[in-house]
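Chemist: I'd like to ask you about the structure that follows.
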Amino acid sequence: MHLEIGKIRLGQREYDEAIAAFDAELAVDAYSVEALTRAGEAYYLSSKPDVAMRYLERALSVNPRAAAAHKVIGQVFFKRRDFPRTIEHLRSALDLGIRDDGTVHYQLGRALSIVGDREGAAKHLAIVKRLREARSEIVRDRFEDLKD
């Protein structure tokens, strides 16, 4: 239950409340990769990247294939302008199952561009464009359905 409350609070951008809920979950299950990852995400979003990294590294020590943890670690490294490590973790996130995530593709594309991989950057930024177009089409379709 703590995990679900934390996810709701995180979605509402109530980071302190989300962290408290995730920590309550971790008191029951210290090896909950999802609670560790989500707490790391909440700390990252509340501008506490050093604390976020402690949670995220714990998540990866429990499960090195935790795609969501790789995603958030990649975002922390992006913010820190450590682009080689950004690329490493965001690629891992994609390889391990993160799909259709415009943020991952955008940050990966930007990082690749900065390190000089123009072709790789173009590939990921094209994915971002397609995702935006697809979302716009879905919104247009929903408004059309409301007119009927």
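Computed from the coordinates by the stated procedures, all read-outs in this text should not be read as laboratory data. Because the structure is predicted, anything quoted here is derived from the model rather than measured. Cβ atoms come from the backbone with ideal geometry, glycine included; neighbour counts cover every protein chain shown.
Chemist: Quick check on region 7-107: take the gyration tensor over C-alpha atoms, sort the square-rooted eigenvalues as a ≥ b ≥ c, and tell me if it's rounded (a/c under 1.5), prolate or oblate.
Modeler: Note, shape of region 7-107 comes out prolate.
Chemist: Next question. Nothing charged except the Cβ atoms of Lys and Arg (+1) and of Asp and Glu (-1): what's the magnitude of the dipole of the chain about its Cα centre? Round to the nearest 20 debye. Mind dumping the intermediate values first?
Modeler: Numbers: 25 positive and 24 negative charges, 131 e Å.
It comes to approximately 620 debye.
Chemist: Spelling out what I want: for every residue of region 30-45, take phi, set θ = phi - 60°, compute 6.51 cos²θ - 1.76 cosθ + 1.60 (Karplus), and round to whole Hz; glycine and proline get x.
Modeler: After applying 6.51 cos²θ - 1.76 cosθ + 1.60, I find 5, 10, 6, 4, 5, 5, 4, 5, 5, 5, x, 4, 5, 5, 4, 5 Hz.
Chemist: Can you work out the Karplus-derived ³J(HN,Hα) for every residue in region 81-98? Use 6.51 cos²θ - 1.76 cosθ + 1.60 with θ = phi - 60°, whole Hz, and x for glycine or proline.
Modeler: These are the phi-based 3J(HN,Hα) values: 6, 9, 5, x, 6, 4, 4, 4, 6, 5, 5, 4, 4, 5, 4, 8, x, 5 Hz.
Chemist: Moving on to the next point. Would region 78-129 count as rounded, prolate or oblate if I go by the C-alpha gyration tensor, calling it rounded below 1.5 in a/c and otherwise prolate when a/b exceeds b/c, oblate otherwise? Mind dumping the intermediate values first?
Modeler: Working: a/c = 1.69, a/b = 1.12, b/c = 1.51.
Oblate is the answer for region 78-129, as a/c is 1.5 or above yet b/c matches or exceeds a/b.
Chemist: Got a sec? How would Val115, Val33 order by Cβ neighbour count within 10 Å, fewest to most?
Modeler: The order, fewest Cβ neighbours first, is Val115, Val33.
Chemist: For every helix of n ≥ 4 consecutive DSSP H residues, a contribution of -39,500 (n - 2.57) applies; sum these over the chain, divide by its total residues, and give [θ] at 222 nm rounded to the nearest 500 deg cm²/dmol.
Modeler: Result for the chain, helices only: -26500 deg cm²/dmol.
Chemist: Could you tell me whether region 1-63 comes out rounded, prolate or oblate from its Cα gyration tensor? Rule is a ≥ b ≥ c as square roots of the eigenvalues, rounded for a/c under 1.5, then prolate if a/b exceeds b/c, otherwise oblate. Each step should come with its number before you reach the end.
Modeler: Working: a/c = 2.09, a/b = 1.11, b/c = 1.87.
Here region 1-63 falls in the oblate category.
Chemist: When we measure straight from the Cα of Lys48, which lysines land under 28 angstrom away, once same-chain ones fewer than 8 places off are left out?
Modeler: Of all the lysines, those that pass the test against Lys48 - Cα under 28 Å, at least 8 places apart if same chain - are Lys7, Lys71, Lys79.
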